[in-house]
Amino acid sequence: MTTRIKGALFDKDGTLIDFTATWRGLVEGMIADYAGPDEALRAALGAAIGFDVTTGLFLPGSPVVAGSTGEVAALMAALLPRVPAAEIEAEANRRAAAAGAGDSDAMLAPTPGLDEALERLSGMRLALGVATHDSEAAARAHVRALGLERRFSFYAGYDSGFGLKPGPGMARAFCSATGFAPEEIVMIGDSIHDLGAGRAAGAAAVIGVLTGPATEAELAPHADAIIHAVADLPDFLIRRFPA
């Protein structure tokens, strides 16, 4: 079966990839390396970026969840006067990209049923893209490491020149790359920034998923629909946008 939707633009972490599994180890490693034996600094760095160093959990509103790597680096650098933000950003990007090669504290894990869902969407002849606040290189490396590279034709990271979510730039760039109008695409993500980006671009629908840190109550006011995971997207599109 097909739908009148022609393209789907996905957030990466928390949508395609298990957020906590991917980023907890990387963030813990970064904090430990920069704080050294200073437990107070370790706690302060965690608090600055919305990460509880005791429990290993990301806090509501954490900039690691919704912000860009550059923004997170700047927050850490404010507590590390001898370390430039650009250095922290470059190191975070290096570690994130290294996760795609299995050489990192990060553990890549797809959200449930992802491969099967993407296969169905490809079979429905939808163009698929990734829009993330991670770097474009890391996004490509992660998708490649999961064996899903053939599914995606478009990637936008915080460093790709299209602006940040919830601005419309990434979604508009996806439309430009595919030749589709905004009303022919949907935006899928696990944060209100993802949903806002699709809304600002004029997408046919912005769809929240519950595979990231945000709850349904947090996402619902900003979404046209909430699904449990990307695995549910093909059936949703067939019902909501029949050909």
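The values are calculated or read from the model by the stated rules, or taken from the named source; none is laboratory data. The structure displayed is predicted, hence computed values, not measured ones. Here the Cβ positions follow ideal geometry from the backbone for every residue, glycine too, while neighbour counts run over all protein chains shown. These accessible areas exclude ligands, DNA and RNA; they are computed on the full protein's heavy atoms, side chains included. Shrake-Rupley method; radii C 1.70, N 1.55, O 1.52, S 1.80 Å.
Only residues of region 216-243 count here: report those whose backbone N is under 18 Å from the spot 7 Å along Cα→Cβ of ALA181, or say none. Of the residues in region 216-243, 241-243 have backbone N under 18 Å from the label point off ALA181. Computed over region 28-165, the convex hull of the alpha-carbon atoms projects to a mean area of 9.1 nm².
Nonpolar atom fraction for region 52-206, defined as the carbon and sulfur part of the 1.4 Å probe accessible area, stands at 54 percent. Taking other residues whose beta carbon is less than 15 angstrom from the beta carbon of SER176, and scoring Lys, Arg as +1 and Asp, Glu as -1, yields 0.
Using a probe of 1.4 Å on the protein chains alone, the accessible area found for MET107 is around 130 Å².
Taking the DSSP beta bridges with both ends in the chain, the antiparallel portion is around 15 percent. Projecting label points 7 angstrom from Cα along Cα→Cβ for MET107 and ALA43 puts them 2.7 nm apart. Using a/c under 1.5 as the rounded threshold, could you call region 97-243 rounded, prolate or oblate? The axes a ≥ b ≥ c are square roots of the C-alpha gyration tensor eigenvalues, and prolate needs a/b larger than b/c, oblate otherwise. It is rounded, given that a/c, with a ≥ b ≥ c, falls under 1.5. Remark: relative contact order (region 2-91) = 17 percent; criterion is Cα-Cα distance under 8 angstrom and separation of 6 or more residues. Let a ≥ b ≥ c be the square roots of the eigenvalues of the Cα gyration tensor of region 187-243; is it rounded (a/c under 1.5), or, if not, prolate (a/b larger than b/c) or oblate? Oblate shape, in that a/c is at least 1.5 and b/c is the bigger or equal ratio. Highest mean packing comes first when the peptides 231-243, 186-198, 21-33 are listed by Cβ atoms within 10 Å, giving 186-198, 21-33, 231-243.
Given a Förster distance of 22 angstrom, what is the FRET efficiency for SER153 paired with HIS228, based on the Cβ-Cβ distance and rounded to 0.05? E(calc), rounded to 0.05, equals 0.30.
Applied to region 65-75, the Karplus parametrisation 6.51 cos²θ - 1.76 cosθ + 1.60 on θ = phi - 60° returns per-residue 3J(HN,Hα) values of 6, 10, x, 8, 4, x, 5, 5, 4, 5, 5 Hz, with x for Gly and Pro.
Excluding ligands, DNA and RNA, the accessible surface per residue across region 25-113 is 48 Å² with a 1.4 Å probe.
Positive end of the charge dipole of the chain (Lys, Arg +1 and Asp, Glu -1 on Cβ, about the Cα centre): tell me which of ALA90, ALA8, LEU108 has its Cα farthest that way. Checked the options; the winner is ALA8.
If a paramagnetic tag sat 7 Å from the Cα of THR54 along the Cα-Cβ line, which residues of region 1-44 would have the backbone N under 17 Å from that point? From region 1-44, the list is 39-44.
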